[in-house]
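Notes follow the structure.
What follows draws every value from the coordinates through simple rules; no lab data is involved. Predicted, not measured: the structure shown is a model, and the values here were computed from it. Quick reminder, even Gly has a Cβ in these numbers, built from the backbone with ideal geometry, and neighbours come from all protein chains shown.
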Amino acid sequence: MRRTSGTLWQQSGRWADATPRRAILPRYARSVEHARRFEGPTDLHLHSTHSDGTEPPALVMAAAHRHGLRTVALTDHDTTSGWAEAADAATSLGMTFVPGMELSARHQWRSVHLLAYLIDPDDPGLRAMTDRIRSSRLERAQVMADRISRDYDLGWDDILAQTTDGATVGRPHIADALIARGVVRDRAEAFRGILSPGGEYYVALYAPDPVTAVRLIADAGGVPIMAHPAARAGLLPSGLLDEMLSSGLAGFELGHRENLPAPTRTLRRIAQERDLIVTGSSDYHGLGKPNEPGENTTPDDMVDRILAAGSGSDPVFP
Ligand code: AMP
Ligand code: FE
Ligand code: FE
Ligand code: ZN
């Protein structure tokens, strides 16, 4: 059976070939088995070189394991291409792997990130959207590089040198190119200056509005959780949050180092009133951010709710 090990699916070379488990076992059996089989501590937000992390999926899983985690998700921006390697590495280290992604969205000028757990990676609607976002990211990075090259010694090749083939390109790769050129010391300095949205080099990327993003995830069988929802950009307008919730938003990532105390309390109250899922995660990016695996974790009952609610793909058990 596919969910008990990665092997069947590895033989097929694709994630979604096998018969979905829900066709074999009724839903109640799923949650009973989850309750029995996964173990914490759980970190559901980590990035690899498939987007803007600095380590390939297997090394991300190894880092998670070193930090004592037992259940982990890989949530690269707008791509699921790291799942196979991550699932293999996680399970061989005795950890449970939860497939995930961090989908880009946008409300007016601000970017909104939606964690998408247990999505069907081959869902046509979601695939079309992530393809569109990733190609827009590539063009946008080229335009930004162009603008930066007027003032700094930086070419497109410098950015490509910092990017793994096929990865979701982002400002962090431009930051790494600037570091390699000795222009800035680290990603944080690049984001404060040259890459900042208020600056002359910045170009916005295409991304769907948050309600569309939530619907795409839900329609792909996934569980949408808003990433770092109480960070510096501030809370989304309550009307928009309501619309996201009625479109299927399942919860908030309240345990995240970038969340601020006051808006976090507001969202915690909303989560309690509406019985939403609340997660805590690291948002590990390898050397790209100071965040360490397991610095925030998600309680077992919340992990269980995510596993019971998702139907587009299955967790992989060791
Ligand atoms: P982009 O998707 O190209 O707009 O870039 C946003 C990404 O950059 C986010 O996913 C973060 O992981 C990363 N990022 C944002 N601010 C910082 C920072 N100060 N230091 C390092 N990485 C950052
Ligand atoms: Fe990132
Ligand atoms: Fe994010
Ligand atoms: Zn992230």
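Taking 0.36 nm per residue of sequence separation and removing the Cα-Cα distance, the Glu200/Gln142 pair yields an extension gain of 19.4 nm.
Taking +1 at the Cβ of each Lys and Arg and -1 at the Cβ of each Asp and Glu, which of Val143, Ile306, Pro124 sits farthest along the dipole of the chain towards its positive end, judged by Cα position relative to the Cα centre? Towards the positive end, the residue furthest out is Ile306. Two tests apply to each whole DSSP H helix in the chain, Cα reach of 30 Å or more along its axis and mean Kyte-Doolittle hydropathy of at least 0.0, and none passes both. With each label modelled as a point 7 angstrom along the Cα→C-beta vector, the Asp301-Glu258 pair spans 2.9 nm. Let me test this: with uniform point scatterers at the alpha carbons of the range 162-318, what is the Debye-based log₁₀ I(q)/I(0) at q = 0.08, 0.17, 0.20 1/Å? Debye output, listed in q order: -0.29, -1.21, -1.40. Evaluated with a Cβ-only charge set (Lys, Arg +1; Asp, Glu -1), the chain carries a dipole of roughly 580 debye about its Cα centre, given to the nearest 20.
Here the chain carries DSSP beta bridges of which approximately 45% are antiparallel, counting only pairs with both residues inside. Of the residues Gly82, His67, Thr42, the one whose Cα sits farthest towards the positive end of the charge dipole of the chain is Thr42 (charges of +1 on Lys and Arg Cβ, -1 on Asp and Glu Cβ, taken about the Cα centre). The helix-based estimate of mean residue ellipticity at 222 nm for the chain, built from -39,500 (n - 2.57) per DSSP H run of four or more residues and divided by its residue count, is -12000 deg cm²/dmol to the nearest 500.
Sorting 256-265, 128-137, 39-48, 278-287 by average packing, meaning the other beta carbons within 10 Å per residue, from highest down gives 39-48, 278-287, 128-137, 256-265.
The radius of gyration of the Cα set in the chain, together with its Dmax, comes out at 18.9, 61 angstrom.
Over the range 58-112, the alpha carbon radius of gyration divided by the compact-protein estimate 2.2 N^0.38 Å works out to 1.31. Can you work out D for the range 84-216 in µm² s⁻¹ from Stokes-Einstein, where Rh is the Kirkwood radius over C-alpha pairs, the temperature is 10 °C and the viscosity is 1.306 mPa s? Roughly 97 µm²/s, to the nearest whole number.
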